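Here's the structure we're looking at; comments come further down.
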Amino acid sequence: MKKDDCLFCKIVAGEIPSTKVYEDDVVYAFEDVNPMMPVHTLIVPKNHYDNVAAGIPNEELGHLFNTAGTVADIKGIKDSGFRIIVNTNDDACQSVHHVHVHVLGGEPMNDGDPSKS
Ligand code: AMP
């Protein structure tokens with residue numbers, strides 16, 4: 001299912017250009033247009049869900065997260081380490097309301113404790 005006014009649905013459909021990292025029947029992974037780290041890839045399900053709490057079937061959600069390891073392998077950061085982030089709704093600054101997993105890495109990160117930032 002596709003949502004007509006959704007940016008990431010348009011990317012999945014090829015209506016908006018992107019740099020593909022990985023694709024299969026369920027997910028599409030592409031480079032973030034504004035990378036925050038040397039590696040910054042986004043993974044989306046091809047079906048539209050507004051966010052990670054929108055009732056995604058377990059199999060599809062599992063596939064989405066398993067793809068993070070696949071992407072990390074493709075990008076050469078599986079062993080050095082990577083971080084996955086899924087921003088959800090306003091307090092977490094979700095800006096595109098089609099669920100997506102950020103895969104970040106390529107250099108050492110801090111420990112991610114928000115109380116220290
Ligand atoms: P979030 O803030 O978690 O919703 O993340 C949305 C991400 O989508 C941001 O990191 C943006 O840089 C990225 N983004 C927005 N538009 C595009 C695009 N056309 N192609 C690739 N990444 C994009």
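The values are calculated or read from the model by the stated rules, or taken from the named source; none is laboratory data. Computed from a predicted model, the values in this text were never measured in an experiment. Cβ coordinates were reconstructed from backbone atoms using ideal geometry, including for glycine residues, and neighbour counts include every protein chain displayed. For accessibility, only protein heavy atoms count, side chains too; no ligands or nucleic acids. Shrake-Rupley method; radii C 1.70, N 1.55, O 1.52, S 1.80 Å.
Taking each DSSP H run with n ≥ 4 as -39500 (n - 2.57) and averaging over every residue of the chain yields -6500 deg cm²/dmol at 222 nm.
Pull out a ≥ b ≥ c, the square roots of the eigenvalues of the alpha-carbon gyration tensor of the range 32-117, then state rounded if a/c is under 1.5, prolate if not and a/b is larger than b/c, and oblate in the remaining case. Verdict is oblate for the range 32-117.
With a threshold of 18 Å on the Cα-Cα distance, the over-threshold entries among 20/46; 2/75; 10/46; 46/78; 3/46 are 2/75; 46/78. Between residue 32 and 40, 41, 42, the built amide H atoms are under 5 Å apart, and every one of these is 5 or more places off in sequence or on another chain.
Once the Cβ-Cβ distance between residue 13 and residue 59 is put in as r, and R0 is 30 Å, what FRET efficiency do you end up with, to the nearest 0.05? Using R0 = 30 Å, I get an efficiency of 0.85. Shown is the FRET efficiency for residue 107 and residue 31, computed with R0 = 25 Å from the Cβ-Cβ distance and rounded to the nearest 0.05: 0.90. Here the chain exposes an accessible surface that is 49 percent carbon and sulfur, computed with a 1.4 Å probe and the other protein chains kept in place.
Calculated FRET efficiency, residue 83 to residue 20, Cβ-Cβ distance, R0 = 25 Å: about 0.70 to the nearest 0.05. For the range 75-83, the Karplus equation 6.51 cos²θ - 1.76 cosθ + 1.60, evaluated at θ = phi - 60°, returns couplings of 7, x, 10, 5, 7, 5, x, 8, 10 Hz by residue, with Gly and Pro reported as x. Compared with the direct C-alpha span, the chain from residue 2 to residue 66 gains 20.8 nm at full extension, assuming 0.36 nm per residue.
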